[in-house]
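The structure under discussion appears below in the form of structure tokens.
The values are calculated or read from the model by the stated rules, or taken from the named source; none is laboratory data. Please read these numbers as outputs of a predicted model, since none were measured by experiment. Note that each Cβ is placed from the backbone with ideal geometry, even for glycine, and that neighbours are counted across all protein chains shown.
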Amino acid sequence: MARFVPHLVLALGACVMLLPFYCMGLTAIRAPSEIFDISLWPIPEDFSAGRNFAKVEERVPMGRFMLNGVIVCAGILIVQVATAVPAAYALAKLKFPGKALFLALVVGALCVPMQALALPLFVGLAKAQLLNTYFALMAPFFLSVFAIFLFRQSFRSYPDEIIEAARLDGFSEFDICWRLVLRGSLPSLSAFAIFSVVAHWNDLYWPMIVVRDTALAPPPLGMLYFSDAESGADYGALMAGATLVTAPMVLCFLLARRQFIAGITMTGVK
């Protein structure tokens, strides 16, 4: 019996975590008259899923918001990996003066919140006349100290003997970094990709500061357009839109869950 207790606790925790998503999906298929019904029965009396999801496209260009989210998340992730992987490889496998200082700076930078940098970044982008652009949405996140730290922890476990053998065979440090070490750390890459995409797909703070054009709004910012100062929010359509925004992230996690778990568990192994 004792061996089932941890599973029971985990199952209860999973139910608590999944309850908001369940309520979101349930509200998305309810009619306005049933929105504030506290019952959790899955089939409403007035099934309004079609109407609520249709309202999403009628009121806002949700397809455009989703495309903006894909462009921003993909652009950020590509540049983050391109900058973080060489830095992590250098900190993990190369010897150079000031290596410990650079690592300390990386760890220290993890403690700096985005909000502390928002004002100088906004002023810089405004003076460069880059507000209301995809670049403004992506630029502050091009360098990820979290990615550097995560990859560095993963790269440390890569055997030095293989790297030395590759050098003797004429491999450049660039080839060793990208063709050998990174290929051996694909679970960590998958884990970071999920972290990065989820964080920037759900980001509302920075887009609210730098974007005023509806055509550039990512999904979280686009969801604000459901609010009506006169009639209030249409909660059925709002939850339908939230379901559309959340579904890609859930699907990505389910498809890459094995690599995600492996990447998280392997980064601490030396």
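The residue list Val106, Val112, Val85 contains one member that is among the β-branched types (Val, Ile, Thr) and free of Cβ contacts under 8 Å to residues at least 24 places away in the same chain, which is Val112.
For (1) in the same structural domain as Leu221 (by TED's automatic domain parsing); (2) farther than 30 Å from Ile163 by Cβ, each residue gets a yes or a no:
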site	(1), (2)
Phe53	no, yes
Met62	yes, yes
Phe65	yes, yes
Ile78	yes, no
Val81	yes, no
Lys93	yes, no
Ala100	yes, no
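As a summary of the residue check, Val85 satisfies the conditions (1) within 21 Å of Val197 (Cβ to Cβ); (2) assigned to a loop (DSSP other than H, G, I, E, B) except for the one numbered (2). So, of the residues in the stretch 88-105 that are in contact with a Leu (Cβ under 9 Å, 6 or more places away or on another chain) and of a type in the set (Phe, Trp, Tyr), which turns out to be farthest from Ile194 (Cα to Cα)? In this case the residue turns out to be Phe102.
If the condition is being out of contact with any Pro (no Cβ under 9 Å at 6 or more places or on another chain) and of a type outside the set (A, V, I, L, M), then the stretch 195-204 contributes Phe195, Ser196.
Within the stretch 133-183, the set of residues being surrounded by fewer than 15 Cβ atoms within 10 Å (Cβ to Cβ) and polar (S, T, N, Q) comprises just one member, Ser172.
Yes or no, residue by residue, for (1) part of a helix (DSSP H, G or I); (2) hydrophobic (A, V, I, L, M, F, W, C):
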| residue | (1), (2) |
| --- | --- |
| Pro140 | yes, no |
| Ile162 | yes, yes |
| Arg167 | yes, no |
| Gly170 | no, no |
| Ser185 | yes, no |
| Leu189 | yes, yes |
| Ile194 | yes, yes |
